[in-house]
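Student: Below: one structure in structure tokens.
Quick note: the coordinates plus some simple rules give every number you see, no bench work behind them. Just so you know, these numbers come straight off a predicted model, no measurement behind them. Here the Cβ positions follow ideal geometry from the backbone for every residue, glycine too, while neighbour counts run over all protein chains shown.
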């Protein structure tokens, strides 16, 4: 022990000497000098971390809960710190012959995934949420912090995923309660949507068979499945967005976890702030609305942009997609919807008259079932009270939801050449959702608590 202490002290002394020398040296090449100073700081920090870590465990034996643990063999392992990889040599302990061994350094330091210090793991987790594994590894190394490999980042992400998923509901509850509702909020908008991601281990035949088994259409690109997102947005009395909470889930039948998260969020909000006006807003997808209807929102709103797209399709059929008449008609219909109370009924009646004039008054036929299907406006005109909503400073668009699809899923999981497993994708998606929601710190606290419990088990 004395020898170890002496060696560590010598390394620290040497590092301090090198750092002081650099500080007092002439500044011939500022860029090179800065890099040299950084390397010296990293070397000093690594020496200090090595010394601190090696003090965490006794050298011979200890008693815990009345059980005697004895030193067996010395263990040599790397610890990834903010100063790089630090080689640590400490004993392993057993309470009985041929029984399991314990490494007290890993327990007491709370190492993540076996060899990451918590500060280093946190920085790496944020980097992984923002960029591909290989790029994250290069960035961290170039920045002079956590020079980890792509494979070590993959293992870290997988470990964090397992920690979170083991008690996900409880973690989400604690994070939810840690995120204050803006006091000036008067409205909360809730929504969900989906976005396709490319999955590994899939082929076209397998996907088609799985889709048919779920009663879903078997069309679409081979290997792609639908991930889901949910959004909670708070607005003030002037309609200004105050805060946004985002959730993402890899492909799952019926979006079960995403819906559960949204239910729990809204239940908490209603308990904390029963005065808030609740707006459910989404595009026209029937499967989304079959769920949103359950929430009992004060207002249900179909996104105005999607409504405008359907308007354009309708008007274009009669007058051509680019004609002067189409543009004028579309402009007038949009104005009516945005400015006139009850305009959705007027627009729908106008559509009906157009169909009657063209001899197509009946709704379109579903070729698969042979049944007449209601049109978009028939299904949703009760959700198109845009003029009233605008007067009340309530949202009428799902732009935040669309941006969440891009920000949470597309920007990270849909880059060229990316293929995902359920576990790998969800590990990244969970981290990213917390980063873009501003809830990463309480989520990380929960992860480290779970990590400590696992180490102590």
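Student: To the nearest 10 degrees, how steep is helix 324-339 against the longest Cα principal axis of the chain, on a 0 to 90 scale?
Tutor: The helix 324-339 is inclined about 70 degrees to the chain.
Student: Which value in deg cm²/dmol, rounded to the nearest 500, describes the helix-derived mean residue ellipticity at 222 nm for the chain, given -39,500 (n - 2.57) per DSSP H run of n ≥ 4 and division by the residue count?
Tutor: Counting only the DSSP helices, I get -16500 deg cm²/dmol.
Student: Still on this structure: Looking at the chain only, what percent of DSSP beta bridges run antiparallel? Nearest 5 please. Present the calculation step by step, with values, prior to reporting the outcome.
Tutor: Values: 37 of 47 bridges.
For the chain, the DSSP antiparallel bridge percentage is about 80.
Student: When a/c is below 1.5 the answer is rounded, else prolate if a/b is larger than b/c, else oblate, so apply that to the chain with a ≥ b ≥ c taken from the square roots of the Cα gyration tensor eigenvalues. The partial results should precede the final answer.
Tutor: Numbers: a/c = 2.57, a/b = 2.29, b/c = 1.12.
Judged from the Cα gyration tensor, the chain comes out prolate (a/c at least 1.5, a/b above b/c).
Student: Which shape class applies to region 153-202: rounded if a/c is under 1.5, otherwise prolate when a/b exceeds b/c and oblate if not, where a ≥ b ≥ c are the square roots of the Cα gyration tensor eigenvalues?
Tutor: Numbers: a/c = 3.13, a/b = 1.51, b/c = 2.07.
Because a/c hits 1.5 or more and a/b fails to exceed b/c, region 153-202 counts as oblate.
Student: Report, to the nearest 10°, how far helix 304-319 tilts away from the longest principal axis of the Cα atoms in the chain, using its own Cα long axis and a range of 0 to 90°.
Tutor: Here the helix axis deviates by roughly 40 degrees.
Student: Once a ≥ b ≥ c are taken as the square roots of the eigenvalues of the Cα gyration tensor of region 1-136, is the result rounded (a/c under 1.5), prolate (a/b larger than b/c) or oblate (a/b not larger than b/c)? Before the final figure, lay out each step's value.
Tutor: Details: a/c = 3.81, a/b = 1.61, b/c = 2.37.
The shape class here is oblate.
Student: Another question, if that's okay. What do you get for the angle between helix 422-437 and the principal long axis of the chain? Use alpha-carbon atoms, 0 to 90 degrees, nearest ten.
Tutor: 80
Student: For a quick protection proxy, order the peptides 225-233, 345-353 by their average other-Cβ count within 10 Å, most packed first.
Tutor: Values: 225-233: 23.6, 345-353: 15.6.
Most protected by this proxy first, the peptides run 225-233, 345-353.
Student: Where the centroid of each part is defined by its Cα atoms, how far is region 374-442 from region 75-142 in Å?
Tutor: Value for the Cα centre distance between the two parts: 35 Å.
Student: Antiparallel as a % of all DSSP beta bridges within region 36-119, to the nearest 5?
Tutor: Working: 16 of 17 bridges.
Looking only at bridges with both residues in region 36-119, the antiparallel portion is about 95 percent.
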